[in-house]
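Undergrad: Please see the structure below; I have some questions.
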Amino acid sequence: MKRDPQELRHDTLASGVIDLLILRVVADGESYGYAIAQTLDVHGLNNVSEATVYTSVKRMEKHELLTSRRALADNGRARRYYAITDLGRDEIRKRLATWDSLAKVVTSVFADGDGT
C-alpha cells in the first residue's frame, strides 16, 4: 500500500523533532533507551515508544551524532548507554536554528489569518 505524501512529510518532521529532543536529553549526560523515552514522557511527549527511541539512536549513532557503550545495569542485565558527540552538539545548534526559523514562519502565517 502506497503512503500519502502528506503523511510522509509529517513523519519526516516528527522524526527530526524526536531526534532533536533525544540529542538534547543525552546532552545532559549518558543515558539508555528506556530512560530517554521516560524523560520525553515526563515532558509531555508520551506517545514515543522505546522502539522509536532505539531507531533514532541507532540512526544518529550511524551518523556519529551519538556514541554507545554496553554496560551492566544494577540488575545485572546488559544495557546500551548513549552519549552525545561534538558533532551531535553541533547538530543541536543547527536544528535549533532551523526550528526557530520554522516557528517564526508558522507564527507569522497564523498572525495574518483567522486560523480557519
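None of the figures in this text is laboratory data; all of them are computed from the coordinates on show. Quantities reported herein were computed from a predicted structural model and do not represent experimental measurements. Heads up, the Cβs are rebuilt from the backbone with ideal geometry, glycines too, and the neighbour counts pull from every protein chain shown.
Undergrad: When Lys and Arg each count +1 and Asp and Glu each count -1, what net charge do the other residues less than 14 Å away from Q38, Cβ to Cβ, add up to?
TA: -2
Undergrad: Next up: With angles folded into 0 to 90 degrees, how steeply does helix 33-42 sit against the dominant principal axis of the chain? Use alpha carbons for both and round to 10.
TA: 40 degrees
Undergrad: Nearest 500 deg cm²/dmol is fine: what mean residue ellipticity at 222 nm does the chain get from its DSSP H runs of n ≥ 4 alone, each adding -39,500 (n - 2.57), divided by its residue count?
TA: -21500 deg cm²/dmol
Undergrad: If you don't mind, there's one more thing I want to ask. Of L65, L40, L96, which has the largest mean-square fluctuation in a 10 Å C-alpha GNM of the chain?
TA: In the Gaussian network model the winner is L96.
Undergrad: At R0 = 35 Å, how high is the FRET efficiency between L102 and R77 if r is their beta carbon distance? Nearest 0.05 is fine.
TA: Working from the Cβ atoms, E equals 0.30.
Undergrad: Given R₀ = 25 Å, what would the calculated FRET efficiency be for D86 paired with T55, taking r from the Cβ atoms and rounding to 0.05?
TA: Result of the calculation: an efficiency of 0.60.
Undergrad: Something else: Arranged by the count of other C-beta atoms within 10 angstrom, fewest first, what order do Y82, Y34 take?
TA: Listing Y82, Y34 from fewest to most nearby Cβ atoms yields Y34, Y82.
Undergrad: Got a sec? How would V105, V17, V53 order by Cβ neighbour count within 10 Å, fewest to most?
TA: V105, V17, V53
Undergrad: Is the shape of segment 5-111 best called rounded, prolate or oblate, per the rule: a/c under 1.5 gives rounded, else a/b larger than b/c gives prolate, else oblate, with a ≥ b ≥ c the square roots of the Cα gyration tensor eigenvalues?
TA: It comes out prolate by the Cα gyration axes.
Undergrad: With the chain treated as a Gaussian network of Cα nodes joined by springs under 10 Å, which of S31, S101, S49 yields the largest mean-square fluctuation?
TA: Comparing S31, S101, S49 in the GNM, the peak value goes to S101.
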